[in-house]
Amino acid sequence: MDHYLRGEDGYISYQRDIYNTKLLDPKEVIKEPKDGHDIYLTLDQKIQTLVDEALSTVDEQYNPERMQAIVMHAKTGEVLAMSTRPSYNPNNPANIENWYNDVVSTPIEPGSTVKMFTWAAAIEEGVYNGNEKFQSGTYIVNEKITPIRDVNDGKGWGMITFDEGFERSSNVAASKLVWEKIGTDKFLEYLHAFDMDKKTGIDLPGEIAGEILYNWPREKLTASFGQGSTVTPIQMMKAATAIANDGKMMKPYVISKIVDPSSGEVVEQKLPEVVSEPISAETAKQVRELLRAAVEKEHGTGRHYQLQDYSIGGKTGTAQIPDSDGGYMSGSANMIFSFLGMAPIEDPELIIFVSVQQPELKVGEFGFHPVSFIVKNVMKNSLHYLNIEPDG
């Protein structure tokens with residue numbers, strides 16, 4: 001935005017003699033300077049401060065490799081806060097460790113946060129019965145495809161419903177929905193409909209789109225629970241607006257307006273923009289109820305994200321990190337732990353995405369500890385600050 005902000009220098013010119021004295025008829029020319037425009041951001045200083053303080057606390061306590069956090073207005077797509085670690089002090093540019101804004105420029109495997117879109121596709125297609133039971137644990141499609149296993153080493157939880165499969169974040173449930181209910185070709189259409197392979201068009205530099213890995217049968221299965229394919233955090237946030245906003249997917253933006261300070265004229269005004277409607281309002285409502293259950297149920301993977309005063313729904317994610325050998329890094333802490341959620345869940349005002357990569361966990365700690373600290377502090381205080389009526 002430098003061309004808007006810079007403005008133009010002014011100058012005075014006149015004729016003078018060799019002693020540097022202005023002539024009696026100096027033919028003076030005065031060009032007044034022109035101020036640059038003022039740019040107003042959608043960022044909210046209070047919410048941005050809450051995010052930065054929470055990330056700094058986690059950074060000091062857990063020393064993770066990377067972190068990202070973004071808070072967005074669910075109805076408009078306005079980015080209210082965005083922060084990453086490693087960060088830097090702009091007054092000391094020599095110490096910059098990371099030149100990229102990871103929220104828009106660094107695709108990652110999303111892990112199970114993507115399951116909210118898998119279930120949304122099944123519901124929208126009319127093939128979902130939440131009370132139908134399936135055998136959890138291990139899913140063998142055929143002898144040519146490596147079996148899909150649930151997170152507890154493929155043990156599963158016996159015969160459970162698909163609703164409970166969502167609450168427990170069952171990879172088998174996600175795979176069966178795509179392979180047996182939706183169909184792999186139709187599911188790919190939904191991934192495209194949620195713009196999982198497209199840039200969001202956010203008004204920030206350096207945006208990179210993730211990539212849908214969807215060539216072989218196993219890749220089509222793993223895409224249902226967020227492995228193999230990649231997305232950026234801002235892509236996930238954009239897709240989540242469709243669930244929070246009754247099917248309407250909003251374009252994210254950070255520039256509110258551009259104003260000429262001399263005249264007060266609004267040179268450019270940004271307004272909320274509906275990009276598309278990949279699902280219906282009824283489907284979005286059903287998915288929000290699943291997100292609520294994933295947080296409120298005792299066996300839900302999101303139970304550690306409950307707020308004291310507000311209802312919140314969301315989906316946790318645990319994504320593996322590729323290593324240099326073409327496989328994945330080993331070790332329980334060599335993961336990207338994340339949460340994508342919204343509150344109040346009945347009619348969401350805020351959407352949040354937080355990811356923490358490779359935190360240094362103490363004995364008895366798990367990946368959700370640093371993530372939930374950020375989410376709970378930011379969401380609770382932000383909702384109170386915005387005077388949202390408590391419903392929890």
Do you know which of the residues in the range 360-392 that are within 19 Å of the chain's Cα centre (by Cα) and under 14 Å from residue 66 (Cβ atoms) is surrounded by the most Cβ atoms within 10 Å (Cβ to Cβ)?
371
Which numbered condition in (1) within 19 Å of residue 295 (Cα to Cα); (2) modelled with pLDDT of 95 or more; (3) open to solvent by 40 Å² or more (accessible area, probe 1.4 Å) is the only one that residue 129 fails?
(1)
Selected residue (criterion: least open to solvent (accessible area, probe 1.4 Å)) from residues of the range 159-192 that are of a type in the set (A, V, I, L, M) and not in a helix (DSSP H, G or I):
160
From 385, 328, 305, residue being at pLDDT 95 or above, out of contact with any Phe, Trp or Tyr (no Cβ under 9 Å at 6 or more places or on another chain) and among the hydroxyl-bearing types (Ser, Thr, Tyr):
385
Subset of the range 344-359 [touching an Asp or Glu at 6+ places or on another chain (Cβ under 7 Å) and open to solvent by less than 40 Å² (accessible area, probe 1.4 Å)]:
344, 357, 358
Filter the range 77-89 down to the residues that are assigned to a loop (DSSP other than H, G, I, E, B) and either closer than 26 Å to residue 386 by Cα or of a type outside the set (Gly, Ala, Ser) (or both), then identify the one that is farthest from the chain's Cα centre (by Cα).
89
Take the range 255-270 and flag every residue that is free of Cβ contacts under 8 Å to residues at least 40 places away in the same chain and not small (Gly, Ala, Ser).
265, 266, 268, 269
Determine the pairs where a residue that is over 17 Å from residue 336 (Cβ atoms), located within the range 214-233, has a partner that is charged (D, E, K, R) and not in a loop (DSSP other than H, G, I, E, B) with Cβ atoms under 7 Å apart, the partner being 6 or more residues away or on another chain.
214/220
So for the range 271-289 (the condition being free of Cβ contacts under 8 Å to residues at least 12 places away in the same chain and polar (S, T, N, Q)), does at least one residue qualify?
no
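Residues checked against (1) in contact with a helix residue (DSSP H, G or I) (Cβ under 6 Å, 6 or more places away or on another chain); (2) of a type outside the set (A, V, I, L, M, F, W, C); (3) in contact (Cβ under 8 Å) with a residue 40 or more places away in the chain:
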residue: 80; (1), (2), (3): yes, no, yes
residue: 84; (1), (2), (3): yes, yes, no
residue: 87; (1), (2), (3): no, yes, no
residue: 91; (1), (2), (3): no, yes, no
residue: 105; (1), (2), (3): no, yes, yes
residue: 108; (1), (2), (3): no, no, yes
From 340, 271, 350, residue being among the hydrophobic types (A, V, I, L, M, F, W, C) and over 22 Å from residue 114 (Cα atoms):
271
Within the range 110-126, can one find any residue that is surrounded by fewer than 15 Cβ atoms within 10 Å (Cβ to Cβ) and of a type outside the set (Lys, Arg)?
yes
Residues of the range 65-76 being farther than 23 Å from residue 312 by Cβ and assigned to a loop (DSSP other than H, G, I, E, B), which ones?
65
Pairs please, first residue from the range 126-141 and of a type outside the set (S, T, N, Q), second anywhere and part of a loop (DSSP other than H, G, I, E, B) and open to solvent by 70 Å² or more (accessible area, probe 1.4 Å), Cβ atoms under 7 Å, 6+ apart in sequence or on different chains.
137/155
Restrict the check to the range 308-320 and report whether at least one residue is loosely packed, with under 14 Cβ neighbours inside 10 Å and either within 30 Å of residue 39 (Cβ to Cβ) or not charged (D, E, K, R) (or both).
yes
With respect to residue 372, is the statement that it is part of a helix (DSSP H, G or I), touching a residue at least 12 places away in the same chain (Cβ under 8 Å) and either in contact with a Phe, Trp or Tyr (Cβ under 7 Å, 6 or more places away or on another chain) or not charged (D, E, K, R) (or both) true?
yes
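The values are calculated or read from the model by the stated rules, or taken from the named source; none is laboratory data. Quick caveat: nothing in here was measured; it's all calculated off a predicted structure. Cβ sites come from the backbone with ideal geometry, for glycine too, and all protein chains shown count toward neighbours. To get the accessible areas, we keep the full protein, side chains included, count just its heavy atoms, and leave off ligands, DNA and RNA. Shrake-Rupley method; radii C 1.70, N 1.55, O 1.52, S 1.80 Å.
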